[in-house]
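What follows is a short report on a single structure.
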Amino acid sequence: MEVFIVRDSMIFGKGIFGIFSTLEKAACFKEEFEKENKYFCEINKLKVIGTYEFPGNVFAAHTYDMLYDMHTLDGLYAEPELAFEAVGEKGLIFEFVIDIPDKKQIKVCG
């Protein structure tokens with residue numbers, strides 16, 4: 001499954017703000033979010049790794065980069081176990097409900 005993410009366009013930015021099923025939904029959210037929060041965002045199309053079943057959640061996995069002491073996006077996963085396996089103990093997982101960006105939750109690794 002392919003989805004559209006709205007993320008911070010800065011190199012060391014704040015990450016993903018929302019995951020959407022269509023480009024139109026992502027563009028609408030991006031426009032409103034930029035007006036309200038003064039962030040510059042970009043829209044990227046990514047594939048969800050694993051077997052996604054609607055209406056399940058998507059897990060954005062971030063690996064820890066010791067050099068910069070920050071987390072960077074590794075990918076999107078359909079199952080939390082796949083996301084945890086991909087990023088390891090120091091990784092960071094965000095659970096998203098597709099098309100509902102306010103439902104984002106942080107999952108702890110390790």
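Since every read-out is calculated from the coordinates, none of them should be taken as a lab result. The structure displayed is predicted, hence computed values, not measured ones. No Cβ is skipped: glycine too gets one built from the backbone with ideal geometry, and neighbour counts run over all protein chains shown.
So here's what we get for this one:
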{"item": "Net +/- balance of residues flanking Ile49 in space, Cβ distance below 13 Å, scoring K and R +1, D and E -1", "result": "-4"}
{"item": "Principal axis dimensions, largest first and in whole angstrom, of segment 2-108 by Cα", "result": "36, 35, 20"}
{"item": "GNM flexibility winner over the chain from Gly91, Gly50, Gly75 (Cα, springs under 10 Å)", "result": "Gly50"}
{"item": "Residues Thr72 and Ala27, FRET efficiency given R0 of 22 Å [Cβ-Cβ distance, rounded to 0.05]", "result": "0.35"}
{"item": "Fraction of antiparallel bridges per DSSP, segment 2-108 only, in percent to nearest 5", "result": "95"}
{"item": "The chain, dipole about Cα centre (Lys/Arg Cβ +1, Asp/Glu Cβ -1), debye to the nearest 20", "result": "200"}
{"item": "Cα lying deepest toward the dipole's positive end in the chain, options Val87, Thr51, Leu67, charges on Cβ", "result": "Leu67"}
{"item": "Gained length - Met1 relative to Asn44, 0.36 nm times residue gap less alpha-carbon distance", "result": "14.1 nm"}
{"item": "Neighbourhood charge, 15 Å Cβ-Cβ cut-off, centred on Gly88 and excluding it, Lys, Arg +1 and Asp, Glu -1", "result": "-3"}
{"item": "Surrounding net charge for Glu2, when Lys and Arg each add one and Asp and Glu each subtract one, Cβ distance under 12 Å", "result": "+2"}
